[in-house]
Amino acid sequence: MKKWISLVTIMVLVALTGCQSASGEEEQNFTLAHNQPTDHPVHQSLARFAELVEEKSEGAMSIKIYPNGELGSEREVIEGTQTGAVDFSKVSGSALESFEPAYSVFSLPYLFESQESFKRVMNNEEVTNDIYMESADKGFRGLTYYDAGVRNVYTKSRMIETSEDMSGLKTRVQPSQTSVQMIEAMGGTPTPMSYGEVYTALQSGVIDAAENNATALTNSNHGEVAKNYFYTEHAIVPDMLIANENIMEDMSDSELQIIEEAAEESTSYHEDLWNETVEEAEATAKEEMNVEFYEVDKQSFSDAVQPLHEEFQNDPDTSDIYNKIKEAE
Ligand code: GCU
């Protein structure tokens with residue numbers, strides 16, 4: 001409820017503060033919400049996006065960023081983006097699954113063969129445009145993606161070598177049906193919850209494990225409570241920048257071009273930043289937080305989730321996009 005009040009307050013403030021830019025045009029002030037702290041590389045790339053929009057529009061468009069889940073969980077900010085309570089948001093591809101089934105493919109474990117093939121697919125507009133525009137009738141569209149690395153399982157105390165060791169392990173997943181099915185197929189007990197709740201849930205023992213890239217250990221401090229990180233490398237889920245559809249439709253061609261170019265350039269900017277940060281996060285987690293990193297029998301995890309691939313290939317809602325991704329890889 002509180003989150004909704006803040007979303008509504010922002011909408012009113014933005015409406016009241018419309019003013020003139022240096023060039024005399026009516027200034028457009030947009031809002032962008034996401035759940036990462038400001039020292040996270042995704043925040044920095046979003047800040048770059050906002051800066052580029054302002055530069056390219058010569059001050060006629062500006063974007064205020066609300067980080068840290070200030071405007072709510074990913075689910076709440078997607079809902080806000082649908083209604084226009086917030087103009088843009090950055091959320092995980094997995095969080096979009098319950099709003100637009102086309103995104104479910106990103107949560108499919110072992111979908112991409114490597115990080116290189118992930119990038120090849122994500123930089124192929126023929127694949128991504130279909131996904132990005134699929135949700136237009138639901139009130140939002142995708143603009144671009146940000147690399148959010150490879151996801152791995154981490155635990156408070158359980159040691160893991162094969163998928164059999166996942167048996168009964170209460171593992172937090174993103175609120176996505178495919179992620180729930182993934183942990184079930186591995187033998188674990190999935191607990192969907194929003195990212196902001198994971199630290200406390202690990203600490204209090206509501207969950208025994210979670211799965212994410214290594215910045216979860218450092219930027220979100222999960223490494224303080226979870227000391228074992230296993231290279232299951234089970235998923236590469238992109239972060240997505242989405243926009244309210246009405247705002248995009250009301251823009252002139254040149255305004256839209258500014259937004260699209262800024263989005264694309266911020267994705268390239270993010271590339272180097274991401275690789276550096278993940279390396280640093282692993283080093284910090286090891287050296288300063290005493291997290292241990294382990295190799296596992298990846299094949300046993302990949303074998304356990306094969307039935308999910310078959311489901312995606314046979315389901316008419318997902319087979320086209322699954323095949324398109326496989327061809328583009
Ligand atoms: C990643 C992603 C976030 C997401 C989080 C999660 O860190 O970048 O957008 O919220 O995973 O597991 O929920």
What are the residues in segment 246-262 that are within 21 Å of Met122 (Cα to Cα) and open to solvent by less than 10 Å² (accessible area, probe 1.4 Å), if any?
Ile259, Ala262
Can you pull out the residues in segment 316-329 that are touching a Ser or Thr at 6+ places or on another chain (Cβ under 9 Å) and not in a helix (DSSP H, G or I)?
Asp317, Thr318, Glu329
Name the residues in segment 184-216 that are in a helix (DSSP H, G or I) and within 11 Å of the ligand (Cβ to nearest atom), would you?
Tyr195, Gly196, Glu197, Val198, Thr215, Ala216
Search segment 152-168 for residues that are outside the structural domain of Gly188 (by TED's automatic domain parsing) and pair each with any residue that is open to solvent by 70 Å² or more (accessible area, probe 1.4 Å) and of a type in the set (Ser, Thr, Tyr) when their beta-carbon atoms are under 9 Å apart and the residues are at least 6 apart or on different chains.
none
Taking segment 245-280 and the residues there that are more than 17 Å from the chain's Cα centre (by Cα) and β-branched (Val, Ile, Thr), the one that is farthest from Phe99 (Cα to Cα) would be Ile258
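On the basis of being within 12 Å of the ligand (Cβ to nearest atom), open to solvent by 50 Å² or more (accessible area, probe 1.4 Å) and either closer than 25 Å to Thr284 by Cβ or assigned by TED's automatic domain parsing to the domain that holds Glu97 (or both), does Glu224 make the cut?
Spelling it out, it is not the case that Glu224 is within 12 Å of the ligand (Cβ to nearest atom), open to solvent by 50 Å² or more (accessible area, probe 1.4 Å) and either closer than 25 Å to Thr284 by Cβ or assigned by TED's automatic domain parsing to the domain that holds Glu97 (or both).
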Unmet requirement for Asp303, which otherwise passes all of (1) over 20 Å from Ser57 (Cβ atoms); (2) without any contact (Cβ under 8 Å) to a residue 60 or more places away in the chain; (3) open to solvent by 80 Å² or more (accessible area, probe 1.4 Å); (4) part of a helix (DSSP H, G or I)
(2)
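The values are calculated or read from the model by the stated rules, or taken from the named source; none is laboratory data. Since this is a predicted model, take the numbers as computed values, not measurements. Please note: Cβ atoms are built from the backbone with ideal geometry, for glycine as well, and neighbour counts cover all protein chains shown. Ligands, DNA and RNA are excluded from the accessible area calculation, which covers all protein heavy atoms including side chains. Shrake-Rupley method; radii C 1.70, N 1.55, O 1.52, S 1.80 Å.
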